[in-house]
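Worksheet: one structure, shown below.
The values are calculated or read from the model by the stated rules, or taken from the named source; none is laboratory data. As the structure is a prediction and not an experimental result, all values here were calculated from the model. Reconstructed Cβ throughout: ideal geometry from the backbone, glycine too, with neighbour counts over all protein chains shown. Keep in mind that these areas ignore ligands, DNA and RNA; they rest on the heavy atoms of the full protein, side chains included. Shrake-Rupley method; radii C 1.70, N 1.55, O 1.52, S 1.80 Å.
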Amino acid sequence: RDEVWIKWYPPLPNFIKINTDGSSIEGWGARGGVLCNHEGLKIIAFANYYGVASNMEAEGNSLKDDLMLTHQHYYYTFQVKSDCKLIVDTIVGNIKARPGRRLDI
C-alpha cells in the first residue's frame, strides 16, 4: 500500500479558508469541514447529518451551509476548498444551467 502525503495550503492573510465535504452513503447524506485562518488555526469545525440525500445534494448543501456559517460569524473574506468538481465548476461559471432550469444549492 502506497502512502500519499497531502499538504494543506493556508488562505491569504486576513482570509478564512473553508474546507468542506459532503457525501452520501446508501442514500444518507452528511457533511463535515473546518474553517481556519491564514495561520492554520482552527476557528470552527462542523459536521451535520442531512438524512436522505444524494451525493450532489450533500455536496451542494454542505457548501451552502458553510457559506451561511461564515456569514453568521462575520467572515466575509474567504476561500473555499471542495473536492466536488461539478459544484466548483458551476460556481466559477464553467457550467451553465439550461434555460428554464435553476440550480438549487
### Message
I'd like the full set of residues that are over 17 Å from N14 (Cβ atoms), open to solvent by 40 Å² or more (accessible area, probe 1.4 Å) and either in contact with a strand residue (DSSP E or B) (Cβ under 6 Å, 6 or more places away or on another chain) or touching a residue at least 40 places away in the same chain (Cβ under 8 Å) (or both), limited to the stretch 61-96.
### Response
N61, K64, L67, K81, D83
### Query
Taking the stretch 45-60 as the region of interest, how many residues are aliphatic (A, V, I, L, M) and open to solvent by less than 50 Å² (accessible area, probe 1.4 Å)?
2
### Query
Would you say K42 is within 19 Å of Y75 (Cβ to Cβ), among the basic types (K, R) and open to solvent by 70 Å² or more (accessible area, probe 1.4 Å)?
yes
#### Entry: Those residues of the stretch 1-39 which are surrounded by 14 or more Cβ atoms within 10 Å (Cβ to Cβ), in contact with a Gly (Cβ under 8 Å, 6 or more places away or on another chain) and in a loop (DSSP other than H, G, I, E, B), in sequence order
P10
### Query
Within the stretch 54-73, which residues are within 12 Å of G29 (Cβ to Cβ) and in a loop (DSSP other than H, G, I, E, B)?
S54
### Message
I need the full set of residues from the stretch 34-59 which are farther than 21 Å from P10 by Cβ, out of contact with any helix residue (DSSP H, G or I) (no Cβ under 6 Å at 6 or more places or on another chain) and not hydroxyl-bearing (S, T, Y), in order please.
### Response
A47, N48, G51, V52, A53, N55, M56, E57, A58
